Amino acid sequence: MADRDATPSDVPDVLAPDLRIVFVGINPGRVSAAAHAHFANPRNDFWRLLHAARLTSRLYDPQEQFALLGERIGVTNAAYRTTPGSGDLRRSDFAGSTERLERIARELNPAWLAFVGKEAYRGAFGERPELGLLERKLAGANLFVLPSTSPANAAVPWDERARWFRELAGRASGLPRRENVRAAVIDERGRALLLRYGDDYGDWWVTPGGGREQGEDDEQTLRRELQEEVGLSEFELGPLLWELDGWTLEEPGFGRFLSRVYLVRVDRFEPPFLTEAHELRWFPPKELVSAPTRPLDLAERISRASGS
């Protein structure tokens, strides 16, 4: 572990050998410098996003940052100088950053370096990346770029930030992929039947369905899941509408999913019961647009499927 006094910064590096992920912020802001802790601004979503994505077993306070090492997670910055905002940084503040990060990757052997914001990566490497997994590696470490968690990045909503943190969590887990089969259940009025789930950080609506069991084909899985979840047994299976391949730790034992979503049209169906979800309801197209859904563009996908 890095010595607290060895980091030439107001905020100490949180590092140790063989970590799962080292998060790389851009530089300390004044709140973090005063607290001597990473991402200490209470309006910064970093710590909440770690927990929401299941990268940590509980929600940590910034002052507990060294406890992250027990979760095999570390934190450093691309630039060490404290500034009022990242826009106050100079090019010279990133001098030697590439070499320092490469040394961390080579000597401490983290599996992943995750940059919290595009500007953190650009400061270190002089080029603006896309979000997500990068093709390049650094001394064997995978590189991943997340949206900034700063309150100054308010244009990126929570759900979008959480999506990228969930992807990192799933990719870094090394866990296998689960195949899911789901249904876009559309009634005679063009409404979509969705299920609500939630956690401490919000709610989301999804199409009904679930994991395919060994020996089942897609139709068998969907008939079993729709009967179990919403009591729908009589329907004609429509065409495959879309496939989604993604990453998340939300299903125990799996870090990745492949979902196939089929069209199911019904007339005057009212679900007789609800099982695992918190709630179910029919969404008219106009209401679905503003609902928190997974995937985030579910309203658009449903609209194309129903022809509305």
Show the residue pairs meeting these rules: Cβ distance below 6 Å; 6+ apart or different chains; first residue within the range 223-237 and more than 13 Å from E276 (Cβ to Cβ); second residue assigned to a helix (DSSP H, G or I). L232/L226; S233/Q227; L237/E219
Hey, F273 at pLDDT below 95 and in contact with a strand residue (DSSP E or B) (Cβ under 6 Å, 6 or more places away or on another chain) or not: no
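Looking at E160, E130, E135, E167, which is the one that is buried (at least 16 other Cβ atoms within 10 Å of the Cβ), in the same structural domain as L113 (by TED's automatic domain parsing) and among the acidic types (D, E)?
Just a single option satisfies the conditions, and that option is E167.
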Within the range 136-178, residues being part of a helix (DSSP H, G or I), over 17 Å from N41 (Cβ atoms) and not polar (S, T, N, Q) number 13
So which pairs qualify, if the first residue must be in the range 50-62 and assigned by TED's automatic domain parsing to the domain that holds I21, the second must be not hydrophobic (A, V, I, L, M, F, W, C) and not in a helix (DSSP H, G or I), the Cβ gap must be under 6 Å, and the two must be at least 6 apart or on different chains? L50/T56; A52/Y201
I'd like to check which helices (runs of 4 or more DSSP H) are fully inside the range 197-308 and have at least 3 residues that are surrounded by 15 or more Cβ atoms within 10 Å (Cβ to Cβ). 218-230, 298-306
Search the range 187-205 for residues that are over 22 Å from G231 (Cα atoms) and pair each with any residue that is among the small types (G, A, S) and at pLDDT 95 or above when their beta-carbon atoms are under 8 Å apart and the residues are at least 6 apart or on different chains. D199/A52; D200/A52; Y201/A52; Y201/A162
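The values are calculated or read from the model by the stated rules, or taken from the named source; none is laboratory data. If you're wondering where the values come from, they're calculated on a predicted model, not measured in any experiment. Cβ coordinates were reconstructed from backbone atoms using ideal geometry, including for glycine residues, and neighbour counts include every protein chain displayed.
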